[in-house]
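Written out below as structure tokens is the structure these notes cover.
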Amino acid sequence: MLTQNLTTIMLYYSLNHQSPKVSFKEATIKGLASDKGLYFPERIPVLSNDFLLRIDNYSKDEIAYRIIQPYIGNEIPEKELRKIITETIAFDFPLVNVDNKIFSLELFHGPTLAFKDVGARFMSRCLGYFMKDNNQQVTVLVATSGDTGGAVAHGFYEVEGVNVIILYPSGKVSNVQELQLTTLGRNISAIEVNGRFDDCQRLVKQAFADHELNKALFLTSANSINVARWLPQQFYYFFAYQQWADKNSPPVFCVPSGNFGNICAGLLAHQSGLPATHFIAACNANKVVPEYLNSGNYQPKKAVATLSNAMDVGDPSNFVRILELFHKEFGALSKILNSYSISDEETKQTINNVYRKNHYLLDPHGAVGYLSLQRYLQSHPEHKGIFLETAHPIKFYDAVEPIIHEKVPVPDSITTLLGKEKKSYKMEVDYNLLKEYLLSTKT
């Protein structure tokens, strides 16, 4: 059991500190605080030692419930919350031994073959519960660098009273990722922006800051800035620890990192009691955080396009939450977190080497994670670690197949997708065009 009273209400404050505290329900519906800050829980629940010692005896559903319930309090009844959790994690999260010291936590067994299925499914069901008696249509506005779009689209598909609009950078997501977010139709619309992910994210933030637009539409976000997307990502780490054989030597966790919501959830889980030796943020050529951890100077940059496109972020939104977790103390953060920048050439070599040597096929993001973890373990040979394999290689078949000179096996869910027609609204990076489009969707 948890060390705190389960009926205690959890409130969330804005990291800009210029708006009132809100409940989990309000934070989920609003997405972003009125002062445009990200919401953050006013306290971090701590799991009991007894729970952690006996974690092997619990079901995934029970583990997830124990982790998330304190963040929700009594805002969702226990029976309903357990139903939401069961639907959220209704697939496997296997820990696979790749070599003697490195394990892969496979997070691609959900409906869109990406780790973001968990957050998107959890948030869609929470929002559906909160809005079930509301007559006003909700518009979920989200920017994606790849996997978020498909996960959100499928998580919210045909949810009554919810209209989803996804912005993605033209030509900078994989073919499969694009099909997953542009072929559903009904209450899902995709805007193909002639720019980068950071441009898409900026346009979304402008929309939330537009008072006129927010009077006309009931807007919320499904990016990892939303607490209902961010918080359930803690589940992965506890599922991994449950499967970890050597409980006396906790793993190093290595997380492919773009917008930093996933690794932030891992660090939050660690502060709640998750046993972990260290964390690594594995980055591609977009190395704002590796440079910060080397210099102490955080300097956002324009994102550059890479093979691991879902991590092409030059100003990660969730990094401010990581700083808050550590009270902005650089020394404390740098003790638990390392970060590496991996080039596209190194990513390709890693995919090929691991496939030939270990008969394990990585996607480009997993390859960045594998190599970053390998580098850390070379200088810390006493440890073993887990990298998060965040997407199925088929989502990047056009990048992976030329590397291994073989076809990537196609799951059934993708076979049906490949024959579908893409439908998107093309747009320049112009907020007025986005606003005009959004207003045209009002019913």
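The values are calculated or read from the model by the stated rules, or taken from the named source; none is laboratory data. This structure is a prediction, so every number in the text was calculated from the model and none was measured. Cβ coordinates were reconstructed from backbone atoms using ideal geometry, including for glycine residues, and neighbour counts include every protein chain displayed. Quick note on the areas: whole protein, heavy atoms, side chains included, nothing else; ligands and nucleic acids left out. Shrake-Rupley method; radii C 1.70, N 1.55, O 1.52, S 1.80 Å.
A few notes on this one:
- Helices (runs of 4 or more DSSP H) wholly inside region 221-337 that include at least 2 residues being more than 29 Å from L52 (Cβ to Cβ) and open to solvent by 20 Å² or more (accessible area, probe 1.4 Å): 288-295
- When we screen K348, K384, K435 for residues that are open to solvent by 10 Å² or more (accessible area, probe 1.4 Å), more than 27 Å from D199 (Cα to Cα), touching a residue at least 12 places away in the same chain (Cβ under 8 Å) and touching a helix residue (DSSP H, G or I) at 6+ places or on another chain (Cβ under 7 Å), the only hit is K348.
- Note on region 133-194: enclosed strands (runs of 3 or more DSSP E) holding 1 or more residues that are of a type in the set (G, A, S), farther than 20 Å from F396 by Cα and modelled with pLDDT of 90 or more are 188-193.
- Within region 150-157, at least one residue is open to solvent by 30 Å² or more (accessible area, probe 1.4 Å), more than 18 Å from L388 (Cβ to Cβ) and of a type outside the set (S, T, N, Q).
- Among the residues listed as T183, T139, the single one being open to solvent by less than 10 Å² (accessible area, probe 1.4 Å) and polar (S, T, N, Q): T139
- Pairs, first in contact (Cβ under 8 Å) with a residue 24 or more places away in the chain and open to solvent by 60 Å² or more (accessible area, probe 1.4 Å) in region 407-427, second assigned to a loop (DSSP other than H, G, I, E, B) and among the small types (G, A, S), C-beta under 9 Å, six or more apart: K423/G185; K426/S170
- For region 20-35, filtered to residues that are in a loop (DSSP other than H, G, I, E, B) and in contact with a strand residue (DSSP E or B) (Cβ under 8 Å, 6 or more places away or on another chain), the residue that is modelled with the highest pLDDT is K21.
- Only listed residue being closer than 14 Å to L433 by Cβ, aliphatic (A, V, I, L, M) and over 18 Å from the mean Cα position of the chain (by Cα), chosen from L167, L203: L203
- In region 353-375, the qualifying residues are those that are charged (D, E, K, R) and either part of a helix (DSSP H, G or I) or over 16 Å from V96 (Cα atoms) (or both), and the one that is most open to solvent (accessible area, probe 1.4 Å) is K357.
- Within region 80-110, the set of residues being under 21 Å from the mean Cα position of the chain (by Cα), assigned to a loop (DSSP other than H, G, I, E, B) and not β-branched (V, I, T) comprises A90, F91, D92, F93, P94, L107, F108, H109, G110.
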